[in-house]
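Novice: This is the structure, below, for whatever I ask next.
The values are calculated or read from the model by the stated rules, or taken from the named source; none is laboratory data. Note that the structure is a prediction, hence the values are computed from the model and not measured. All Cβ positions, glycine included, derive from the backbone under ideal geometry; neighbour counts span all protein chains shown.
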Ligand code: GSY
């Protein structure tokens, strides 16, 4: 008995990273099928929604109706824009909770379909938009690919994500949501 404690486990990825030095191999049709065949336990997942163009509440409502496996919706919040060109209008933000067997990649596809349905036109990277849907957390899954990083890399710095997330999962934001982050985030009622 050495008295040494076991080291904490790193979060697991559903698709393990290849050994260092190997180039990641893209999923083949067969490996994707194989992955889908595995029965999966449903996990808790969270997506962040924001709109600052047009009928913002209607865009958020429509998106919530289109997303799969939704089991909870936070209150909405009117929030000062973070980043982007000066003079943008305020955002309306909320967070939804899913109970789902879908992977982060499948949820990204669903998020993009909801954005497309809101006739979103990507004019400038941080510019105003009818709808933005970000995948925040999908159970314990981690993924780090050019178009998708989960857990979302900036979520812990964003009051417009943490305040609505606290409505659904206060245990996740405790100790992370400072009054400075919450500044500029105003309750705007139920969706
Ligand atoms: O990253 C989501 C889009 N977005 C937002 C947002 O949803 N809310 C606020 N307040 N600022 C934002 N800047 C960007 S980009």
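Novice: Can you spot a residue in segment 165-185 that is surrounded by fewer than 21 Cβ atoms within 10 Å (Cβ to Cβ), within 16 Å of the ligand (Cβ to nearest atom) and within 14 Å of residue 50 (Cβ to Cβ)?
Specialist: Within segment 165-185, one or more residues are surrounded by fewer than 21 Cβ atoms within 10 Å (Cβ to Cβ), within 16 Å of the ligand (Cβ to nearest atom) and within 14 Å of residue 50 (Cβ to Cβ).
Novice: Within segment 97-104, identify whether any single residue is surrounded by fewer than 18 Cβ atoms within 10 Å (Cβ to Cβ), assigned to a strand (DSSP E or B) and more than 16 Å from the ligand (Cβ to nearest atom), and answer yes or no.
Specialist: Yes, segment 97-104 contains a residue that is surrounded by fewer than 18 Cβ atoms within 10 Å (Cβ to Cβ), assigned to a strand (DSSP E or B) and more than 16 Å from the ligand (Cβ to nearest atom).
Novice: Then there's this: Residue 156 versus (1) closer than 29 Å to residue 38 by Cα; (2) under 15 Å from the mean Cα position of the chain (by Cα); (3) away from the ligand (no atom under 13 Å from the Cβ): which is the lone unmet condition?
Specialist: (1)
Novice: Here are the criteria: (1) more than 13 Å from the ligand (Cβ to nearest atom); (2) under 27 Å from residue 58 (Cβ atoms); (3) in a helix (DSSP H, G or I). Tell me which single one residue 162 does not satisfy.
Specialist: (1)
Novice: Within segment 117-124, is there a residue that is at pLDDT 95 or above and farther than 16 Å from residue 70 by Cβ?
Specialist: The answer is no; no qualifying residue exists.
Novice: Is it the case, given these coordinates, that residue 149 is part of a strand (DSSP E or B) and crowded, with 16+ Cβ neighbours inside 10 Å?
Specialist: In short, no.
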